[in-house]
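The next block holds one structure in the form of C-alpha cells; read it before the comments.
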Amino acid sequence: MSMLRFLTAGESHGQALVTVVEGIPAGLALDEEQIAHDLARRQMGYGRGKRMQIESDRAEILSGVRLGITLGSPITLLVRNKDWENWRDDMSVAATMANVEPVTRLRPGHADLPGVLKYGMKDVRPILERASARETASRVAVGAVARRFLDELDISVRSRTVSIGEVCTQDEGHIDWNRVESSPVRCTDAKAERAMTDAIDKAKKNGDSLGGCFEVVASGIPIGLGSHVQWDRRLDGRISQAMMSINAAKAVEIGAGFTVAGLKGSQAHDIISYKNGIWQHVTNQAGGIEGGMSNGEDIVVRVGIKPIPTMAKPLPSFDLLTKGETLAHVERSDVCVVPAAGVIGEAMLAIVLMDAVLEKFGGDSLREIFCNYQNYLAQISIV
C-alpha cells in the first residue's frame with residue numbers, strides 16, 4: 001500500500017477542484033504561497049490557450065495544517081475555477097430548466113468515444129469535463145507539497161523541454177535551470193527556442209497543434225529507493241505509471257531509454273566507481289535506476305506528449321446520436337502544452353519519490369523521518 005495517497009475530484013468547468021492528501025508527516029512547514037508558485041508555472045508556456053488568461057490558480061488549504069505546520073492528518077486542497085461563472089447552467093449540480101445543449105460530435109484522440117460507451121451516456125460533456133487536463137492542477141498542488149517535503153532532504157526535481165514538433169534541443173551538457181525557467185518554452189537552447197515558438201505560431205495559424213518531449217531530472221537521490229523484490233515496488237515501474245497518467249502522454253523512457261536498446265552490453269552499462277567513501281557511476285545511461293532501485297545518480301525521465309486532439313481546424317468525425325459524418329467538436333484549447341506538461345511531470349515524479357522515501361524511512365513526523373534518513377546514509381557509507 002502506498003504511504004502517500006491522494007484523490008482528486010472536480011470537473012474542468014465545475015465550481016472547483018478538490019484534493020485530499022494522506023501521508024504527509026507532521027512537522028513540515030507549508031503555506032499556500034509555496035503551492036501557488038508551482039501552480040503558476042503550470043499555467044505558463046508558449047502555446048497555451050485563453051483559459052490560462054481566465055484562471056489564476058491558487059490552492060486553499062482547508063485542513064491538515066495549523067499555524068503553518070502540517071499535523072500528520074489528511075490535507076485538503078481547494079482550487080476554485082473562475083470560469084465556472086460562465087458555465088453555471090451547463091455544469092449545474094442540480095436539475096435545471098435551462099436549455100443545456102449536449103455535445104454529440106466526437107473528437108478523435110480524446111476520451112469521448114470510449115467514455116460515453118463505457119458509461120452509457122448520450123452527451124460527451126460529462127466525459128470531456130473530467131478527462132480534461134484541468135485536473136492536473138490538483139496534481140501539481142500535491143506535487144508542490146511533495147516537493148516541499150523533498151526539500152528537507154536536499155532532493156530537487158526539475159524539468160525542461162527537449163523537443164516540440166520536429167524541433168529538438170542540442171544542449172546535452174550542463175543544464176542552466178535558471179535559463180529554463182525564463183524561457184517561454186522551458187528550453188536552454190536559444191536557437192531551438194526560436195524554432196519552437198515559430199513552429200507553434202505556424203501550427204496555430206493553420207488551426208493545428210503540436211506535441212513534443214519533456215525531461216524531468218531529480219537530483220540528490222539516495223541509493224536504495226524502491227525495491228527489486230516485487231513488481232509493484234520497482235521504482236522505475238512506479239515512475240513510468242505516474243508519467244503515463246499525465247494527459248496526452250504516450251511514451252516514457254528512463255535514462256538513455258530506447259537508445260540503449262541499440263547498443264552492445266559493453267556500451268550500455270554504467271561503470272561503477274568508488275571514491276572518497278562514495279559509490280558512484282562513470283556515466284548515467286540507466287537514468288539513476290538499476291534493478292528497480294535508485295543507484296544514487298540523478299533520476300532522468302523523458303516523456304513523449306502527443307499533439308492536443310482538440311484543434312481550431314477540427315478533424316472529420318461522427319455524431320454520437322445521428323451516426324452521421326460531421327466535424328469534431330471544438331472546445332477552447334491549447335496549441336502546445338509540452339512546457340506545461342513538464343511541470344506536471346515534476347509533480348508526478350516528486351509524488352512518487354516522496355512515497356518511496358516514506359516507504360524506506362518511515363515515521364509519523366518529519367523529525368523522525370530525517371533521523372532515519374541520516375542513520376541510513378551513515379550506514380551505507382561504511383558498508
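As a summary of the residue check, T326 satisfies the conditions (1) modelled with pLDDT of 95 or more; (2) within 30 Å of C168 (Cα to Cα) except for the one numbered (2). Those residues that are open to solvent by less than 30 Å² (accessible area, probe 1.4 Å) and free of Cβ contacts under 8 Å to residues at least 60 places away in the same chain, I need them from the stretch 304-351; list them, please. G324 - this is the single residue of the stretch 304-351 that is open to solvent by less than 30 Å² (accessible area, probe 1.4 Å) and free of Cβ contacts under 8 Å to residues at least 60 places away in the same chain. Being outside any helix (DSSP H, G or I) and among the acidic types (D, E) is the filter here; which residues of the stretch 301-353 pass it? Once the filter is applied, which keeps residues that are outside any helix (DSSP H, G or I) and among the acidic types (D, E), the stretch 301-353 yields D319, E325, E331, D334. Anything in the stretch 352-366 that is loosely packed, with under 14 Cβ neighbours inside 10 Å and either of a type in the set (D, E) or modelled with pLDDT of 95 or more (or both)? List them, or say none. Across the stretch 352-366, the qualifying residue is only D364. Evaluate the stretch 21-28: report whether one residue or more is more than 19 Å from M354 (Cα to Cα), open to solvent by 20 Å² or more (accessible area, probe 1.4 Å) and either assigned to a helix (DSSP H, G or I) or charged (D, E, K, R) (or both). Scanning the stretch 21-28 turns up no residue that is more than 19 Å from M354 (Cα to Cα), open to solvent by 20 Å² or more (accessible area, probe 1.4 Å) and either assigned to a helix (DSSP H, G or I) or charged (D, E, K, R) (or both). Given the criteria under 28 Å from P307 (Cβ atoms) and either β-branched (V, I, T) or touching a strand residue (DSSP E or B) at 6+ places or on another chain (Cβ under 8 Å) (or both), does L17 qualify? Here the answer is yes, as L17 does meet what is asked.
Would you be able to tell me the number of residues in the stretch 285-303 that are open to solvent by less than 30 Å² (accessible area, probe 1.4 Å) and touching a Cys at 6+ places or on another chain (Cβ under 7 Å)? Within the stretch 285-303, residues that are open to solvent by less than 30 Å² (accessible area, probe 1.4 Å) and touching a Cys at 6+ places or on another chain (Cβ under 7 Å) number 1.
Every residue in the stretch 201-216 that is out of contact with any helix residue (DSSP H, G or I) (no Cβ under 9 Å at 6 or more places or on another chain) and on the phi < 0 side of the Ramachandran plot, please. D201, K202, A203, K204, K205, N206, listed by residue number.
Filtered by the rule that a residue be of a type in the set (G, A, S) and open to solvent by 60 Å² or more (accessible area, probe 1.4 Å), the stretch 117-154 gives a lone residue, G120.
Annotation note: of T96, T104, T76, T19, the sole residue that is among the hydroxyl-bearing types (S, T, Y) and closer than 30 Å to S227 by Cβ is T19.
One residue stands out in the stretch 226-254 among those that are open to solvent by 10 Å² or more (accessible area, probe 1.4 Å), assigned to a loop (DSSP other than H, G, I, E, B) and hydrophobic (A, V, I, L, M, F, W, C): the one that is nearest to C168 (Cα to Cα), namely A248. Among the conditions (1) over 30 Å from R332 (Cα atoms); (2) outside any loop (DSSP other than H, G, I, E, B); (3) touching a helix residue (DSSP H, G or I) at 6+ places or on another chain (Cβ under 9 Å), the only one that N178 does not satisfy is (3).
Would you confirm whether any residue within the stretch 145-168 is closer than 22 Å to A249 by Cα, part of a loop (DSSP other than H, G, I, E, B) and out of contact with any Phe, Trp or Tyr (no Cβ under 6 Å at 6 or more places or on another chain)? Yes.
Here is a yes/no grid of residues against (1) within 24 Å of the chain's Cα centre (by Cα); (2) open to solvent by less than 40 Å² (accessible area, probe 1.4 Å); (3) of a type in the set (S, T, Y):
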{"position": "T70", "(1), (2), (3)": "yes, yes, yes"}
{"position": "D89", "(1), (2), (3)": "no, no, no"}
{"position": "A94", "(1), (2), (3)": "no, no, no"}
{"position": "E101", "(1), (2), (3)": "no, no, no"}
{"position": "R105", "(1), (2), (3)": "no, no, no"}
{"position": "G109", "(1), (2), (3)": "yes, no, no"}
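Taken over the stretch 255-280, the criterion of being open to solvent by 60 Å² or more (accessible area, probe 1.4 Å), assigned to a strand (DSSP E or B) and not aliphatic (A, V, I, L, M) is satisfied by Y274, K275, W279, Q280.
For the stretch 183-195, the count of residues that are under 22 Å from the mean Cα position of the chain (by Cα) and open to solvent by 40 Å² or more (accessible area, probe 1.4 Å) is at least one. The set of residues from the stretch 200-225 being open to solvent by 30 Å² or more (accessible area, probe 1.4 Å) and out of contact with any Pro (no Cβ under 7 Å at 6 or more places or on another chain) comprises D201, K202, K204, K205, N206, D208, G220, I223.
The values are calculated or read from the model by the stated rules, or taken from the named source; none is laboratory data. No experiment lies behind these values; they were computed from the predicted model shown. Please note: Cβ atoms are built from the backbone with ideal geometry, for glycine as well, and neighbour counts cover all protein chains shown. We work out accessible area using only protein heavy atoms, side chains counted, and drop any ligands, DNA or RNA first. Shrake-Rupley method; radii C 1.70, N 1.55, O 1.52, S 1.80 Å.
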